[in-house]
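A.B. asks: The structure under discussion is supplied below as structure tokens; questions concerning it will follow.
The values are calculated or read from the model by the stated rules, or taken from the named source; none is laboratory data. Because the structure is a prediction, the values reported are computed rather than measured. Cβ sites come from the backbone with ideal geometry, for glycine too, and all protein chains shown count toward neighbours. The area values use the complete protein model at the heavy-atom level, side chains included, leaving out ligands, DNA and RNA. Shrake-Rupley method; radii C 1.70, N 1.55, O 1.52, S 1.80 Å.
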Amino acid sequence: MRKMDVVCQQLVLSKSLLTLCDSGYRMATRSLSSVRARNTLPCNQTRLDIKNGDKKPRFTPQDSKVSILRNPGVFNVTNQTREKLCELVAQNVVYSKGPLVAVNKPQGLSISGIPEEVSLSSLLPELQQHLGIRSELHVVKAAPKESSGLVLLSSCHTTSKHIEEFYAKCRKSQTPVVTFCAVTMGIPSPLEGEVNVALTIEQVGEHKLVVPITHPTKGSLERREVKNTETHYKVLDSADSCALVQLQPMSVFQSQLLVHMTWKLCKVLGDHTYSARVGKVLGEPIYVPIDIAVPQTQVLEEKILRKMHFTQQQMHRMPLHLHLHQLLIPNHDEQKGSMLLTAPPPPFFLRTIKLLGLTMKEPLLSNQNPLALPKTEKTVAPKNF
């Protein structure tokens, strides 16, 4: 019996000890938890992120890690109805005075395409109604289909003729009329200069392509089989083998700016027709022979793809980064000289510049002419595209 009492007392004592230990363990756990709560940080912060009571996240916002296809997105003309396209063009009028109207067109909208294709010319009757213009509109000057940018429209043929005469005088005086901006893979050397090369159109395999002719014959020039072309260029900013380039064509030829840039061993971002003409050997750019540089999806270096959050498999969706930014037109009062119309680049263009570490500096964003023109007094503020 005594043995039984002793065993019971031992059991009671053991239970008391276990209860005491458990209580102490819980108290210790609560104490440790409070210490951790005071001395630990969320997984997205470090102690270096906290200064003067301000908390800063370690990582950048998620939106900065997506490509231009998602943020801000690329406007796809082929997926839009006529009504939507007409509304978009009407919303992007950057100048309207008298018979003249200037719009900032999206990349991919052709000026006068095939009958099955919606073009700007085919939209003019609806645009005329939308803007409340009585006379028929027609195109005076325009960015090509692949490019975004300015399109000058007129409802008066006499005014249009006057503008064409003004442009003819500008060509004779070597005054630039249009200014493009482009993002290039490769930096032109020297940073400012001219490209002078004759161009022609030849059948290369299954494609009709613009081809440079280094030594054109007098006969080919006289027969207009070949045309001497010229482009003034200036590098506005560069970073890590990429550049923001200002281009001012002094002549007019199909795909002139794209071909001239490849001639300078650079390629315009999103050019899936001519960029294959620029290759690399041992890290140095070379000009690839025309017969093997067939049109294909542009290929970019891995470091550039990473900067743009792109993969090579997505490159077929990369839009052409070529924008008709400024256009010179005569003033209504001839004594006041000329004025400069300006249209801002599309959002995807501006986002690309930021991702590549480039800066769109003055005077490109301002309404001042990049190359000083005589008697240019009036400029026009653009709307956002």
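A.B. asks: Being under 16 Å from residue 267 (Cβ atoms) and among the aliphatic types (A, V, I, L, M): is that true of residue 198 here?
C.D. replies: Taking the combined requirement at face value, the residue does not satisfy it.
A.B. asks: Now a separate question. Determine, yes or no, whether residue 282 is among the hydrophobic types (A, V, I, L, M, F, W, C), at pLDDT below 95 and at positive phi.
C.D. replies: yes
A.B. asks: Moving to a separate point now. Of the conditions (1) within 28 Å of residue 196 (Cβ to Cβ); (2) open to solvent by less than 40 Å² (accessible area, probe 1.4 Å), residue 318 fails just one. Which one is it?
C.D. replies: That leaves (1) as the condition not met.
A.B. asks: Condition first: assigned to a strand (DSSP E or B) and in contact with a Pro (Cβ under 7 Å, 6 or more places away or on another chain). Now tell me which residues in the stretch 125-174 satisfy that.
C.D. replies: 148, 154 - these are the residues of the stretch 125-174 that are assigned to a strand (DSSP E or B) and in contact with a Pro (Cβ under 7 Å, 6 or more places away or on another chain).
A.B. asks: Looking at the stretch 230-273, which of the residues that are closer than 21 Å to residue 307 by Cβ and of a type outside the set (A, V, I, L, M, F, W, C) is nearest to the chain's Cα centre (by Cα)?
C.D. replies: Residue satisfying both the conditions and the ranking: 270.
A.B. asks: Here's another thing I want to ask about it. Can you tell me how many residues in the stretch 176-208 are crowded, with 19+ Cβ neighbours inside 10 Å, over 26 Å from the mean Cα position of the chain (by Cα) and of a type outside the set (A, V, I, L, M)?
C.D. replies: 0
A.B. asks: Taking interchain pairs and intrachain pairs at least six residues apart, which have beta carbon atoms under 6 angstrom, with the first residue in the stretch 209-227 and within 16 Å of residue 256 (Cβ to Cβ) and the second polar (S, T, N, Q) and open to solvent by 20 Å² or more (accessible area, probe 1.4 Å)?
C.D. replies: As it stands, the answer is 210/254; 210/255, since those pairs meet every condition given.
A.B. asks: Which count do you get for residues in the stretch 100-117 that are surrounded by 18 or more Cβ atoms within 10 Å (Cβ to Cβ) and either among the polar types (S, T, N, Q) or part of a loop (DSSP other than H, G, I, E, B) (or both)?
C.D. replies: Residues flagged as surrounded by 18 or more Cβ atoms within 10 Å (Cβ to Cβ) and either among the polar types (S, T, N, Q) or part of a loop (DSSP other than H, G, I, E, B) (or both) within the stretch 100-117 amount to 5.
A.B. asks: Quick check, is residue 145 among the charged types (D, E, K, R), touching a strand residue (DSSP E or B) at 6+ places or on another chain (Cβ under 9 Å) and closer than 23 Å to residue 319 by Cβ?
C.D. replies: When the stated conditions are applied, residue 145 does not pass them.
A.B. asks: Run down 177, 140, 151 and say which single residue is closer than 28 Å to residue 322 by Cβ and touching a Ser or Thr at 6+ places or on another chain (Cβ under 7 Å).
C.D. replies: 140
A.B. asks: Going through the stretch 184-212 one residue at a time, which ones are among the β-branched types (Val, Ile, Thr) and modelled with pLDDT under 95? Write out each step before concluding.
C.D. replies: Within the stretch 184-212, the subset among the β-branched types (Val, Ile, Thr) is 184, 187, 195, 197, 200-201, 204, 210-211.
The one that is among the β-branched types (Val, Ile, Thr) and modelled with pLDDT under 95: 204.
A.B. asks: Here is a follow-up. Looking at residue 96 and the list (1) without any contact (Cβ under 8 Å) to a residue 40 or more places away in the chain; (2) assigned to a helix (DSSP H, G or I); (3) open to solvent by 30 Å² or more (accessible area, probe 1.4 Å); (4) not acidic (Asp, Glu), which single condition is not satisfied?
C.D. replies: (2)
A.B. asks: Conditions: (1) open to solvent by less than 70 Å² (accessible area, probe 1.4 Å); (2) assigned to a loop (DSSP other than H, G, I, E, B); (3) at pLDDT below 50. Residue 29 meets all but one. Number of the miss?
C.D. replies: Every condition holds for residue 29 apart from (2).
A.B. asks: Scan the stretch 124-132 and give yes if some residue there is open to solvent by 80 Å² or more (accessible area, probe 1.4 Å) and closer than 22 Å to residue 309 by Cβ, otherwise no.
C.D. replies: For the stretch 124-132, residues open to solvent by 80 Å² or more (accessible area, probe 1.4 Å) and closer than 22 Å to residue 309 by Cβ: absent.
A.B. asks: Moving on to the next point. Would you tally the residues in the stretch 234-255 being touching a Leu at 6+ places or on another chain (Cβ under 7 Å) and within 24 Å of residue 289 (Cα to Cα)?
C.D. replies: Matching residues across the stretch 234-255 total 2.
A.B. asks: Can you give me the ranges of the strands (runs of 3 or more DSSP E) entirely in the stretch 231-298 with at least 3 residues that are open to solvent by 10 Å² or more (accessible area, probe 1.4 Å)?
C.D. replies: 278-281, 284-287
A.B. asks: Please indicate, with yes or no, whether at least one residue in the stretch 138-146 is at pLDDT below 95, more than 23 Å from the chain's Cα centre (by Cα) and open to solvent by 80 Å² or more (accessible area, probe 1.4 Å).
C.D. replies: no
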